[in-house]
Amino acid sequence: MEDEMEKEHSHHDVVHIFIDKRKMESPNPTTGIALYDLGSIPEDYDLFREVHGHGDDEFIPKDSITITLKNGDHFYSVQRSLNPGAYDRNR
């Protein structure tokens with residue numbers, strides 16, 4: 001019985017997300033590192049999650065901090081040199 005409970009608690013949901021308009025499956029929660037890897041994002045690119053409304057899109061750092069996803073989340077990559085200084089990567 002304990003083994004079944006451990007499996008249940010260690011189980012991650014799988015959600016469908018889009019990275020650069022490509023539909024993908026990701027465990028949820030995940031990390032920035034995992035999203036960069038999943039989307040094959042080049043080293044000189046940054047990843048953003050689209051935010052609906054008037055707010056800025058969310059910068060996704062390439063690190064191990066936990067990110068909670070929602071089914072249908074859209075992410076896109078941008079070459080870092082195209083928009084230098086427009087956002088603070090340390091936020």
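The values are calculated or read from the model by the stated rules, or taken from the named source; none is laboratory data. Everything numeric here is computed off the predicted structure, so don't read it as measured data. Here the Cβ is made from the backbone with ideal geometry for all residues, glycine too, and neighbour counts use every protein chain on show.
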(message) Here are the criteria: (1) under 19 Å from V15 (Cα atoms); (2) over 9 Å from the mean Cα position of the chain (by Cα). Tell me which single one Y45 does not satisfy.
(response) (1)
(request) May I ask you to list the residues in the range 20-52 that are closer than 17 Å to K70 by Cα and of a type in the set (V, I, T)? (result) T30, T31, V51
(message) Given (1) at pLDDT below 95; (2) in contact with an Asp or Glu (Cβ under 6 Å, 6 or more places away or on another chain), identify the lone condition not met by P84.
(response) (2)
(request) Could you check how many residues of the range 1-42 are part of a loop (DSSP other than H, G, I, E, B) and modelled with pLDDT of 95 or more? (result) 7
(request) Evaluate the following for R49: is it surrounded by 10 or more Cβ atoms within 10 Å (Cβ to Cβ), at pLDDT 95 or above and charged (D, E, K, R)? (result) yes
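Give the range 52-82 a look and list any residue that's of a type in the set (S, T, Y) and within 15 Å of S40 (Cα to Cα), or say none. Please lay out each step first, then the result.
Restricting attention to the range 52-82, the residues satisfying the condition of being of a type in the set (S, T, Y) are 64, 66, 68, 76-77, 81.
Result: Y76, S77.
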